[in-house]
Amino acid sequence: MIKSCLSLLAGAYALHFTSFVSNYVLLPVSVFGAAVAFLAGGRWAATCFMAGLALFALHAFHVTGLRLPSQFEGDSMLTVLQVIDFPRRRSETISFIARPVDDPRIPPRVRLRWFEANDPPQIGDVWQLEVRLRRPRGTSNPGVFDYEAWLFRERVGATGYVVNGSRNRRLQREAADPVSRLRHHIVRRLESIFEDTDTAAVVAAISVGARHAITAEQWLRYAKSGTSHLMAISGLHVGLAATAAWFLVVAGCALLRLGGNHLRIAWVASLVVAVGYACLSGFAVPARRATLMLLLLVLALLRSREPQPFAILAATCFVVVTLDPLATLAPGFQLSFAAVLLLLWFARRQAFASNPSKVARLARGIVQLAAVQVFLLFGLLPLTVTNFGRVSFVAPLVNFAAVPLFSVATVPLALAGVLLDGPLSVAGDVALRISGASIGLLRWFIDRALAIPHGAVSTTSIDGSGSLCLAAIIAWAVLPRAWPGRHVALLATLALITDRAEAPPDGCLDARVLDVGQGLAIVLRTRQRTLLYDTGAAFRGGSDMATRVVLPYLSIQGVRKIDGLVVSHSDIDHSGGAAAVLAGVEVARVLAGEPDALRTGKAIACRRGQVWRWDDVSFRVLHPPAAGRHSGNDASCVMLVEAGDVRLLLTGDIESGVEQALAGLGAVDAVLVPHHGSDTSSSNAFVRAVSADLALVSAGHRNRWGLPRPAVVRRWQESGATVLVTARDGAIGFRLCDRAGIAGLSRHRQQSRRLWHEPPAH
């Protein structure tokens, strides 16, 4: 079974790491390959590999085939939808997953945002809504969360928003299925009990799997402390519920002096409780894994067979992947199975003393709890680095206290409080409040732990040498203690956390036009300095592109300090992320075309004549003039960056009047096309004057202004420029070097294309 499971996983993961473009020929070929391998003497490894390939392809093509038809993109559609999960509220915006009610135009699952909803939807509600939808698509940047991959594994066929108006009305308030009604009732009860919304959110997460109310700040704190696994219903929670049921049944049978095999009754009861708890929680991958493992364990015990833990884990993985191969994309799948595998491996390597005293057993248990936390830190480190770009060195310390606290108090009391409802709600409320108090204690401990210097460290993107470091760390976890060179993993860990992205040599500049939708953010790096030109947009829901894209990209590049932040002007699509950047990373100097609009005393006015030089690269401000009275787009801070004789022009949103003043600049090698390719800019005279080889447009996919305008694109192309657009190409990177021109041109959407990504827009 172990070999078959590994082969099935290899087949499923084969499509993860290739630039495979959707092709329906793959499915019959993989099915044919699996059949040939099976018939050719029962070659199980090859059969399972081809089966994994075929299953992933089958599910992938099914999901992509159900996406919104292109002809409906952007249209206002009146439809009936049912809310199928807890809506998430962020500021004035509510986001939720819904399914259509008898409307073949709408995919089976859609993700919607509703701004300023007067009557917020609830799980189970049926609404008539006017919506505008588009096919699933996200920004494309190196080292940044892949929103399209998330939509794909969640089987979301369209995203969009609700158009506010009189036609929106609720048709049904209560959920049709009893599980959703029960979950909604429990969440409302928790909200009424706890004044602290953070505590209510965590209790809801660990009792019914409702994580909608946990804020981004909470998730970040739990991620940095390595305790995110406690905030979602995982194997620990299911195991605790099953164990409690086992003890209660055994004790009840003994007290009632019932006949029969009490242990068998208790095993079945624990399984029933685990299944019920998993269903109530939404049956996420960790809960599925724990429930299936318990089922196989109970079956083995009922048949009087000795359980084989590794075989049970492999069989569970085989079933999960067979039924839902897209689950292999989720970090929760990888971390859940890897954590159990490491725990089993750790237990197998332990030697137990015979007849120890109670004190010795207690001391040994404490030592082993600490050892297993360190073992999990390093054993899971490759996955946490590749999935999250982070290492939490305080995780063993925090989990050493948090796991027993959750096991003994938090989870049992939360579940008891949920069960004690109706006439017993007074006792249930007491249990829930004690559970909430334990969460407050954990929160206090996490805050103290995160105050430790370098307790949580961000890592850079993994390249060839980084992969070798990860391999060395894996070897430390799986090799015997006495294996020569095993502890080189400590050096490998140090190399990972101190590594920084390769910097350009003196006299060279690395530029990255980030894909921030309809907005602008450009990162410029010399050998030792970093400049950020604009920060992306902010949104009505309270989020911004700096938090989503800019800061994660800087982190994965190892940038801990911005030497210069230039905010071209005050338009929200350029300055919206400035506050997040200033709060999230050290910034030495801020220039702004309209400094008063930034509401920070740190900004100074961007004025013509300002010049500085970093690592043999020159930066010069060309506009606005010191005595000018420009505002809005024409107040944009225009910069010329020169690496020797190679020149890059950054223009912000200037329009044709300012372009005329810059016409004497002369030719440049690369230019940021003004105002996202609007008709008000890129005049014929300006395009001819700069005579760029590379014209860069930062614009959002299917933006409502139709930017860049086709006539503007043609104008640049006819001048001899290669036009790249972030909406089509994703983040655009290149290097400027003295006398070497433009080198290393990269277009992230094309180079990182995967099966689940939408094809580039033309």
Relative contact order for region 508-751, counting Cα pairs under 8 Å that sit 6 or more residues apart, in percent = 18 percent
Leaving out same-chain residues fewer than 8 places away, which lysines sit with a Cα under 21 Å from that of Lys561?
-> Lys224, Lys602
Using only Cα atoms, tell me the angle between helix 235-256 and the longest principal axis of the chain; keep it within 0 to 90° and round to the nearest 10.
-> 20 degrees
Give, in nm to one decimal, the length gained when the segment between Met77 and Asp679 is fully stretched (0.36 nm per residue of separation minus the Cα-Cα distance).
-> 213.7 nm
Just the isolated ones, please: cysteines in the chain lacking another cysteine beta carbon under 4.7 angstrom.
-> Cys5, Cys48, Cys253, Cys279, Cys317, Cys469
Decide, for region 521-636, between rounded, prolate and oblate: order the square roots of the alpha carbon gyration tensor eigenvalues as a ≥ b ≥ c, take rounded if a/c falls under 1.5, and otherwise choose prolate if a/b is larger than b/c, else oblate.
-> oblate
Here FRET efficiency (C-beta to C-beta, Lys602 to Gln660, R₀ 45 Å, nearest 0.05) is 0.85
Glu217 versus Thr243: modelled label distance in nm, points set 7 Å from Cα along the beta carbon direction | 3.4 nm
For every helix of n ≥ 4 consecutive DSSP H residues, a contribution of -39,500 (n - 2.57) applies; sum these over the chain, divide by its total residues, and give [θ] at 222 nm rounded to the nearest 500 deg cm²/dmol.
-> -14000 deg cm²/dmol
Could you please rank Glu586, Glu148, placing first whichever residue has the fewest other Cβ atoms within 10 Å of its Cβ?
-> Glu586, Glu148
Compactness ratio of region 70-176: Cα Rg over 2.2 N^0.38 Å, N = residue count?
-> 1.05
Gyration tensor verdict on region 508-751 (Cα atoms; rounded if a/c is under 1.5, prolate if a/b is larger than b/c, oblate otherwise) = rounded
Checked region 610-762 against the a/c 1.5 cut and the a/b vs b/c comparison, axes a ≥ b ≥ c from its Cα gyration tensor; verdict oblate
Restricting attention to the alpha-carbon atoms of the chain, what are Rg (one decimal) and Dmax (integer), both in Å?
-> 28.7, 99
At 7 Å along the Cα-to-beta-carbon direction for both Leu255 and Ala471, put a label point, then send me their distance in nm to one decimal.
-> 5.9 nm
What order do you get for 575-581, 594-600, 364-370 when each peptide is scored by the mean count of other beta carbon atoms within 10 Å, highest first?
-> 575-581, 594-600, 364-370
Fraction of antiparallel bridges per DSSP, the chain only, in percent to nearest 5 = 70 percent
Would you please give the FRET efficiency between Ala711 and Ala300, computed as 1/(1 + (r/R0)^6) with r the Cβ-Cβ distance and R0 = 45 Å, to the nearest 0.05?
-> 0.05
So how much slack lies between Cys279 and Val426, counting 0.36 nm per residue of separation and subtracting their Cα-Cα distance, in nm?
-> 50.3 nm
At 7 Å along the Cα-to-beta-carbon direction for both Gln750 and Glu191, put a label point, then send me their distance in nm to one decimal.
-> 4.9 nm
Sites Val101 and Phe145 - FRET efficiency at Förster radius 35 Å, r taken between beta-carbons, to 0.05 = 0.65
Potential extension, Arg527-Asn118 segment - 0.36 nm per residue separation minus Cα distance = 142.0 nm
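No lab work stands behind these numbers, since they all come straight from the coordinates. In this text, all values refer to a predicted model and were calculated from it rather than measured experimentally. Note: ideal-geometry Cβ built from the backbone for every residue, glycine included; neighbour counts use all protein chains shown.
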